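Notes to accompany the following structure.
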């Protein structure tokens, strides 16, 4: 059974012992879940495939917004055996004069997509298959499935718990209560504990991945003790 973003939100609220949103708003929890996916994507990437329809003599094509790097470029797509382009810098003196090459034009911009460049002049009706590596999508609907591996969902939940406690600390700093000194001290300890829990589980996942190990991640029982 797949896990939706809403399932993750519900799990985080249970971790915080706040399923009724008496302390943290539903909107904040949802945003932190999305932030958790974005932060996770800085360390782990997803592999996807995109099919690009060619146009006559057009040798530049937009890549997906979450694109980070390319694995393979198949052109023309559908050949048996597959025909893959070799990567060559676009400023190579022969890039635009010889067929069979590709390069990536990175724009590093929220408003301009990165682009795939191919040295061959294609024809309408042909297509390019790009196997690419990118960020996980944190803009999905709450009812959509999370594509991050289930064994790493505990990483996301630990991130949300950390952000939730940090919000309590920030709120207390902005509007101190009568026993603020004692409360601030406890909140500072809790924030540090939650941050370390997050960075520790993230580090273990990165280590396991780099060593090709299979690790079973168990959700931490964070709901067993209140944190505020």
Spin-label model distance (nm) - residue 60 vs residue 167, 7 Å beyond Cα toward Cβ: 4.3
Those residues of region 67-91 whose amide nitrogen sits under 19 Å from the label point placed on residue 46, 7 Å along Cα→Cβ: 67-72
On Cα atoms only, tilt of 180-210 relative to the major axis of the chain in degrees: 30
Helical contribution to [θ] at 222 nm, DSSP H n ≥ 4, -39,500 (n - 2.57), averaged over the chain, rounded to 500: -12000 deg cm²/dmol
Relative contact order for the chain, counting Cα pairs under 8 Å that sit 6 or more residues apart, in percent: 28
Cα-projected label distance for residue 145 with residue 186, points at 7 Å along beta-carbon direction, nm: 4.3
Inter-part distance where region 119-171 and region 65-108 are each reduced to a Cα centre, Å: 25
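Can you tell me the equivalent ellipsoid semi-axes for region 46-134? Use √(5λ) from the Cα gyration tensor, largest first, whole Å.
19, 16, 13
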Pairwise FRET efficiency - residue 53 versus residue 131, Cβ, R0 = 22 Å, nearest 0.05: 0.85
q = 0.13, 0.15, 0.16 Å⁻¹, the chain: log10 I(q)/I(0) [Debye, one scatterer per Cα]: -0.86, -1.00, -1.07
Ranked by how many other beta carbons lie within 10 Å on average, peptides 91-98, 37-44 from highest: 37-44, 91-98
0 to 90° range, to nearest 10: angle between helix 153-174 axis and the chain longest Cα axis: 50
Added length on full extension, which subtracts the Cα-Cα distance from 0.36 nm per residue, residue 1 to residue 121: 38.7 nm
Pairwise FRET efficiency - residue 203 versus residue 94, Cβ, R0 = 35 Å, nearest 0.05: 0.20
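Taken together, the values in this text are just the output of simple stated rules run on the coordinates, not laboratory data. It should be emphasised that the depicted structure is a prediction, and the values quoted were computed from it without experimental measurement. Every residue, glycine as well, gets a Cβ built from its backbone with ideal geometry; the counts of neighbours run over all protein chains shown.
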